[in-house]
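Student: Questions regarding the structure given below will be posed in turn.
The values are calculated or read from the model by the stated rules, or taken from the named source; none is laboratory data. Bear in mind the structure is a predicted one, so any value in this text is a computation, not a measurement. Cβ sites come from the backbone with ideal geometry, for glycine too, and all protein chains shown count toward neighbours. Note: accessible area is taken over every heavy atom of the protein model, side chains too, but ligands, DNA and RNA are not part of it. Shrake-Rupley method; radii C 1.70, N 1.55, O 1.52, S 1.80 Å.
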Amino acid sequence: MKKLSVTVKTIVACALVAAAASCSGNADSKPAAVALNDSTAAGNEVKITTNIRYIDADSVISAYKLAQQLLEEQQREMNRLQQWHESKQRELQSMANSISQKQQNNVYLSQASMESDVQNFQKKGEEADRYLNTQQQRLANSELAIRARLSDSISNYVRDYNATRGYDAILLREAGVYFNPALNITAEIIEGLNARFEAGEGSK
């Protein structure tokens with residue numbers, strides 16, 4: 001499950017990049033712009049004003065209530081499957097030990113009797129493998145659904161958020177070496193995401 005959590009963070013981080021790249025707004029006011037200097041071929045200096053902000057993707061995922069809910073549900077499903085698998089392994093090991101002890105103590109009265117137990121053991125093992133594979137595929141599909149839902153949710157909110165701010169770019173903290181802390185809008189994004197999530201929950 002830890003692996004799932006990291007994977008989702010990565011996918012959502014990509015979603016944030018996509019949202020930021022496509023959500024340059026039309027707002028008239030552009031506060032706290034960053035001035036960049038460029039030089040033309042003639043040597044004239046051109047000042048380019050870029051209005052950017054950044055987001056800490058890990059913090060967003062950790063604090064976003066929808067992400068918490070979805071990942072906790074997935075964690076419970078994975079824990080249940082793990083517990084079932086461990087229980088089935090103990091059951092099969094017990095069957096194998098019983099067959100071995102019967103064989104050593106000459107309990108089997110015929111070869112056919114022993115083969116019947118062995119076949120039953122193999123059948124249960126094959127059934128367990130099929131069930132495990134089916135459930136693992138189900139969880140994998142569930143993970144893809146979680147990725148898509150979180151990606152859409154965060155991307156859509158960032159676009160809506162930026163529609164009233166007009167930033168030229170909203171970047172991920174991980175995308176750069178240093179950002180001025182004054183450009184950090186993570187708390188605003190988290191607050192907005194959770195407010196929208198709670199409003200949706202309340203309307204159900």
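Student: So which residues in the range 106-117 are surrounded by 10 or more Cβ atoms within 10 Å (Cβ to Cβ) and out of contact with any helix residue (DSSP H, G or I) (no Cβ under 6 Å at 6 or more places or on another chain), if there are any at all?
Tutor: Those that are surrounded by 10 or more Cβ atoms within 10 Å (Cβ to Cβ) and out of contact with any helix residue (DSSP H, G or I) (no Cβ under 6 Å at 6 or more places or on another chain): V107, S113, M114, E115, S116.
Student: Given (1) in a loop (DSSP other than H, G, I, E, B); (2) surrounded by 16 or more Cβ atoms within 10 Å (Cβ to Cβ); (3) out of contact with any Lys or Arg (no Cβ under 8 Å at 6 or more places or on another chain); (4) of a type outside the set (A, V, I, L, M, F, W, C), identify the lone condition not met by Y167.
Tutor: All conditions are met except number (3).
Student: Same structure, new question: Would you point out the residue of the range 121-154, among those that are acidic (D, E) and touching a residue at least 24 places away in the same chain (Cβ under 8 Å), that is farthest from T186 (Cα to Cα)? It would help to see each step written out before you state the result.
Tutor: Filtering the range 121-154 down to residues acidic (D, E) leaves 126-127, 129, 143, 152.
Applying the additional criterion that residues be touching a residue at least 24 places away in the same chain (Cβ under 8 Å) yields 143, 152.
Values: E143: 25, D152: 17 Å.
Once the filter is applied, the top-ranked residue is E143.
Student: Continuing with this model, one more query. Given the criterion more than 13 Å from the chain's Cα centre (by Cα) and either hydrophobic (A, V, I, L, M, F, W, C) or buried (at least 17 other Cβ atoms within 10 Å of the Cβ) (or both), identify the matching residue among L92, L66, L70.
Tutor: L92
Student: Another question about this same structure. Does T164 meet the test of being out of contact with any His (no Cβ under 9 Å at 6 or more places or on another chain) and more than 30 Å from G200 (Cβ to Cβ)? Steps first, please.
Tutor: On the way: out of contact with any His (no Cβ under 9 Å at 6 or more places or on another chain): yes; more than 30 Å from G200 (Cβ to Cβ): no.
Taking the combined requirement at face value, the residue does not satisfy it.
Student: So K88 clears everything in (1) in contact (Cβ under 8 Å) with a residue 40 or more places away in the chain; (2) closer than 30 Å to D56 by Cβ except one condition, right? Which one?
Tutor: (2)
Student: Could you list, in sequence order, all residues of the range 175-204 that are out of contact with any strand residue (DSSP E or B) (no Cβ under 6 Å at 6 or more places or on another chain), open to solvent by less than 70 Å² (accessible area, probe 1.4 Å) and assigned to a loop (DSSP other than H, G, I, E, B)?
Tutor: G176
Student: Sticking with this one: Would you please name the residue that is modelled with the lowest pLDDT, looking only at residues in the range 121-150 that are open to solvent by less than 90 Å² (accessible area, probe 1.4 Å) and closer than 17 Å to E72 by Cβ?
Tutor: R147
Student: Are there any pairs, at least 6 apart or on different chains, whose C-beta atoms fall under 8 Å, with the first in the range 186-198 and free of Cβ contacts under 8 Å to residues at least 60 places away in the same chain and over 12 Å from S153 (Cβ atoms) and the second open to solvent by less than 30 Å² (accessible area, probe 1.4 Å) and of a type in the set (S, T, Y), and if so, which?
Tutor: E188/Y161
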